[in-house]
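Note sheet for the following structure.
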Amino acid sequence: MATAQQQDLQSQRLVRMKRIALGLLGVAACVYALATAMESRHLAWGYVAAFAEAAMVGAIADWFAVVALFRHPLGLPIPHTAIIPENKSRIGANLAGFICNNFLSTQQVLAKLEQFDPAGRLAQWMAQPDNGRQLGRVGVAAARYGLSAFDDDRVRAFLGHAAAAGLAKLDLSRLAGRALEALTEGGRHQALLDDVLRQVATLVEGESVQEHITDAIAREVKALRYVGLDQVAARLATRKVVSVVATTIGDLAAQPEHPLRQRFDVFTREFVERLQHDPDFQARGEKLRADLLAHPALGQYLHGLWDELLGWLHADLQRPESSIGARISGLAQELGERLQSDASMRRWINEQVTSAAPLAIERYREDIRRYIVERVDAWNTDEMTAELERNVGRDLQFIRINGTLVGGLVGLSIHAVTQWLRA
């Protein structure tokens, strides 16, 4: 819908064109009156009169045609006039059909999508730093609005109750068993064991640990302290300890079927099984859950955590150089650059858009058609007529102007032919 200023400008242009067309009709009438009065004095005045007479006829006929589109000429209920107001519903249906059939057909939209290259355009747009910063600003504004909405006691209470209700439904023992089962599936726990062994080997071989072991052994062998051999014996013992640990770790790492590894496997399987099916473990899990729910510190912790999160987010979002905004901008630009350099990913995105488009088109095309029909049908007839006349009425006045001139030329030609045939 046009603004009031645009409507005023369109109305002024329409009035100006109407005055020009009406002025031409008035000129033709004056010329006809003058030519008729002077016709007996010279033969040329007959040609002028014929031109002016036909010009008046053309002007009036085209005025009637233009006015008949929007209203009854002179207020007379002449059949097949006021075409737009009288046929508003049919016009809406035809307009909807025209748009849907000629602009929203599946083949046309798909062809346009292929030409459009959505992934390429998206990548190019996102790779521009200014666009990334714009996305960052939009993201910050959206986050700031979301925080202001969530920073409410009702939301806090709701989240607290929801968290408590969710925790009350958890079977902690069974859940822990499933999590541990997933973590150990496919021998993942053996890889974890290897990592632990490497860390232990590194730790034992460290100078500080060996010194600590040496001091501990020296304190235990008090009898050798008096002869000054306590540190010597402690260092020998330390080397033995480190050597045994290193040998054991080496054997464990080199032998997948080592007895200690097998015992670790058996322990892990039994522990997972007990977590999921042992009533004693399940009872312990239920007791732990009940203790958590009954403890007031849980609610305080959740509220404090929520407050800290909101406080940090608020502080960050209020800064001109928000880290969240910068992160969004950076991610957008990085994603755009990666898309630009990855042709296969762009093809995949375009293929997904193209495959999803027919379903969306078929689903929403009839909704668009119904919306157009309902919108036109609900539009006030006088307002719709005035709006259409403001937008196209100025161009229609050229029909009246052209009708005046063309009609005059036709009348002049007919008069000339008539005089020639009489001669």
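Read the figures in this text as sums done on the coordinates, not as results from a lab. Just so it is clear, the structure is predicted and the values come from calculations on it, not from any experiment. Because the Cβ atoms are built from the backbone with ideal geometry, glycine has one as well, and the counts that use them run over all protein chains shown.
Stretched out fully, how many nm does the piece from Asn101 to Ser341 gain, at 0.36 nm a residue minus the Cα gap?
Details: separation 240, 0.36 × 240 = 86.40 nm, distance 3.78 nm.
Separation in residues times 0.36 nm, less the Cα-Cα distance, equals 82.6 nm.
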Separation in nanometres of the label points that stand 7 Å from Cα toward Cβ, at Thr3 and Glu39: 5.6 nm
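Taking the Cβ of each residue in Trp379, Trp63 as the centre, tally the other Cβ atoms inside 10 Å and list the residues starting with the fewest. Don't jump to the answer; show the numbers that get you there.
Values: Trp379 14, Trp63 20.
So the residues, fewest neighbours to most, are Trp379, Trp63.
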Under a crude label model (7 Å from the Cα following the beta-carbon direction), how far is Ala360 from Gln108 in nanometres? 1.8 nm
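Can you work out the FRET efficiency for the pair Ala65 and Ile20, with r the C-beta to C-beta distance and R0 = 25 Å, to the nearest 0.05? Before the final figure, lay out each step's value.
On the way: r = 17 Å, r/R0 = 0.69.
E(calc), rounded to 0.05, equals 0.90.
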